[in-house]
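Participant: Pasting a structure here, questions to come.
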Amino acid sequence: MDKKSPIEITLTERNEGVTITQWVYSMLRNAVMNGEILPGRALTIRELAALLDVSPMPIREALRQLAAEGALEIQGNRRVLVPHMTAMKFDELCEARIAIESHAAARALPYIDNVKLDELRQLDCLIDDAQEQGNLNKISILNQNFHRSLYTANPHQVTLPLIESIWLQLGPFMRLATNHLKDHYLVDRHNDAMQAIERKDAFALQIAISADIREGFAFASTPELLQRFIEESES
């Protein structure tokens, strides 16, 4: 990866009632979660302030919050980096995703009506279109939207902050994983999930979500392949 290449952060308009600091935090958080800040790419507060067209102060505050969440690391020279990943940590994060998200899906199932199911179908179609276009950024965002839409069908859910915390730590590597989807993601597990929802089959839904997550990282299915992937992504 070219550590000096220009970085592009997707920006959205700041709504009334949202402070600049809150907006900056949201933009940087989404950038990390969606893999727009890749491993090995060093940033500075000055560069981020220029990208978002704000002063350094809200950048510093947002970075402090993201560093506390394990999403970014602020070094002594004020450079910002994605924290170093290890094979053991990567594996633990993936297993945590499977455990928490399969639970969240099953708990959401009783609340999924036809309107929500149609929304999931539309999102899955958009993901298919993005894959045909080779739009990695769009694939990442839409995939998160699919999972988020599914889990938040449960009005009593409390797991989404935990899930997004894991997404934050995996986000920079998820983008790189997306490059390998066509080689290893041979079955549309979202479609399996929707069929399970139609049958009101909680166990099948959990299996589909678990497979969806696990097959997304199938290219790093052995310790040797996983370690090689991490080394290459951070080189």
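Participant: Restricted to the stretch 128-143, and to residues that are over 21 Å from Ala196 (Cα atoms) and free of Cβ contacts under 8 Å to residues at least 40 places away in the same chain, which residue is most open to solvent (accessible area, probe 1.4 Å)?
Facilitator: We begin by selecting, within the stretch 128-143, every residue over 21 Å from Ala196 (Cα atoms); these are 129-141.
From what is left, the residues that are free of Cβ contacts under 8 Å to residues at least 40 places away in the same chain are 129-130, 132-135, 138.
Numbers: Asp129: 82, Ala130: 1, Glu132: 157, Gln133: 121, Gly134: 50, Asn135: 56, Lys138: 86 Å².
The qualifying residue most open to solvent (accessible area, probe 1.4 Å) is Glu132.
Participant: Related question: With the structure loaded, tell me whether Thr19 is at pLDDT 90 or above, hydroxyl-bearing (Ser, Thr, Tyr), open to solvent by 10 Å² or more (accessible area, probe 1.4 Å) and closer than 21 Å to Gln144 by Cβ or whether it fails that test.
Facilitator: no
Participant: Considering only the stretch 1-47, state which residues are within 20 Å of His84 (Cα to Cα), in a helix (DSSP H, G or I) and of a type outside the set (S, T, N, Q).
Facilitator: Across the stretch 1-47, the qualifying residues are Leu28, Arg29, Ala31, Val32, Met33, Ile45.
Participant: Which of the residues that make up the stretch 144-170 are of a type in the set (D, E, K, R) and touching a residue at least 24 places away in the same chain (Cβ under 8 Å)?
Facilitator: Glu164
Participant: In this structure, does Thr44 turn out to be free of Cβ contacts under 8 Å to residues at least 40 places away in the same chain and of a type in the set (Ser, Thr, Tyr)?
Facilitator: yes
Participant: Still on this structure: When the residues of the stretch 48-57 are filtered to those that are without any contact (Cβ under 8 Å) to a residue 12 or more places away in the chain and assigned to a loop (DSSP other than H, G, I, E, B), which remaining residue is most open to solvent (accessible area, probe 1.4 Å)?
Facilitator: Asp53
Participant: Return the pairs, sorted by first residue and then second, in which the second residue is among the polar types (S, T, N, Q), the first residue lies in the stretch 107-127 and is closer than 13 Å to His156 by Cα, the beta carbons are less than 6 Å apart, and the residues are 6+ apart or on different chains.
Facilitator: The qualifying pairs are Arg107/Asn154; Ala108/Asn154; Tyr111/Asn154.
The values are calculated or read from the model by the stated rules, or taken from the named source; none is laboratory data. Bear in mind the structure is a predicted one, so any value in this text is a computation, not a measurement. Please note: Cβ atoms are built from the backbone with ideal geometry, for glycine as well, and neighbour counts cover all protein chains shown. All accessible areas refer to the heavy atoms of the entire protein, side chains included, with ligands and DNA or RNA removed. Shrake-Rupley method; radii C 1.70, N 1.55, O 1.52, S 1.80 Å.
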